[in-house]
1. Going by average Cβ neighbours within 10 Å, how do the peptides 373-381, 297-305 rank, with the highest at the top?
2. Between SER382 and GLU146, take the C-beta separation as r, use R0 = 22 Å, and let me know the FRET efficiency to the nearest 0.05.
3. Ignoring everything but the protein chains, give the 1.4 Å probe accessible area of LYS250 in square angstrom, nearest 10.
4. For SER217, what charge total do you get from the other residues with a beta carbon under 12 Å from its beta carbon, if Lys and Arg give +1 and Asp and Glu give -1?
5. If packing is taken as the average count of other Cβ atoms within 10 Å, what order do 162-168, 317-323 fall into, highest mean first?
6. With +1 assigned to the C-beta of every Lys and Arg and -1 to the C-beta of every Asp and Glu, and no other charges, what is the dipole magnitude of the range 244-369 about the Cα centre in debye, to the nearest 20?
7. Suppose a student asked you for the relative contact order of the range 136-244, using Cα pairs under 8 Å spaced at least 6 residues apart; what percent would you report?
Amino acid sequence: MNTPEPDDFQKQLEEGPLAQKGFTSKLQHDIEQTIRQKERSKSKVKLLLCVAGLGTVLGVVFLFPWHTMHTQSEAAALEGKMMPAAVTVSTPPPAPINTALLIGLRTEHESASSGGQGRTLSPLRYSTYRTMLIAPVRGQLEKTSEGTGILMPYKQNFWKIDSFTHITNKGESHYLSAHLADQPVKIERFTEPEDQEFNRVETLLFAGNQYVSIAESEAAWNGNAPYNAERIWVRTLPQLKEAHTMQFYKKPVDKNHVSLMDLFGTSISTDLARISSMGDNAMSEVSGQSWTVQREPGQWVGKVAETLKASSSRPDSYVLRDFPRQLPDKVVNHDDICCSWSNIKSSWPKATDALTSPLDDMLVIFEGDTLKFYSYGQAPGSIPQLTLDLEPGEQLVMAQWATDHYVQEWIDKVGRYLSDETESRSVGLQMEAHPKPH
């Protein structure tokens, strides 16, 4: 290799950085050829990627189990359509009944007697009574006991109200007797009016857990003219137990009763005056002494009597008027139903009355001559838990409820008090109280 002379090298430096152009045609050609090769390589890679991607998509299309997805979609749609039915089927059954009902009923009868001998008095209708206990036994609702008379809870005990008949040559008297259920009945001894024919009937209209409503009817003679007299009272059990008056026509007002003032105080005077002013008879009054508890569909209501004034020469009589106040719980304990009476009628068009338990687990429907017991929540068209027959025209007198541990206690005690032995004793007493006329 020849080493250039210093002068030649200096000369080249002065002429420029290179002796020829740096970007020659040959270099340009090589660069362009390299670029074209890279572009062709990229195109091949893209084509391979597109083919591979398309193959993957086609594989998914042809290999994916579309029939399974279609079946699952149909099942989902079918499940959506059947959802309401599934909800209906899965609705929990009505709650079990854990309440007991002690129910008292009254049936009216025509009197077989027309009074004393000779002159004829108007016959008076009288009533007979029965009590039933409806309670759950091993998960099933049953009538566990039934007997004559009205058996009612009073404080810590059970009391029994029986109806007896006293017949003499001069007439016939149907009277009520109240006594502790575990004690024998005391036979009433009546002082008969001298030379006076009469018929007399006491009727139990309502029995709560301390108050009872009593209607009194009397037929007798006033000289040569017959008369019919009527009174109505609310009494406590001890007041009912007091001695009976054989005749009350033109007699002082019986003091053995509870007045509306005893319950509501003197504030009731304004209501009584308003009711009295609506009367048409100048000889009548609304004093609040005479009133009653009456059954209407779905509830007990108070009715106040418009009575004749003491100065009237006519026999005792009354007309019942609506009472504007709700009766307190101590008179009608638990007197609520699950819903409005219109709702009851819409579900049971033939219903005449209804009861609902305090726990809202039992619904009782009076329908014609049957009692139908439902677990609360049952559909109206479903089969009742229990169905019992009523006597023609039988009416509700009492509805008392037991819950919790009292249910079994009532089953035991009521079963004992309404047992065959008690009924036999009552029948014997009625026979004793029915002496044959001489």
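1. 297-305, 373-381
2. 0.30
3. 130
4. My count for the surroundings of SER217 gives -4.
5. 162-168, 317-323
6. Around 620 debye, computed over the range 244-369.
7. Relative contact order of the range 136-244: 19 percent.
The values are calculated or read from the model by the stated rules, or taken from the named source; none is laboratory data. From a predicted model like this one, the values you see are computed outputs, not experimental measurements. Using ideal geometry, Cβ is built from the backbone for each residue, glycine included, and neighbour counts are taken over all protein chains shown. Only protein heavy atoms, including side chains, enter the accessible area calculation; ligands, DNA and RNA are left aside. Shrake-Rupley method; radii C 1.70, N 1.55, O 1.52, S 1.80 Å.
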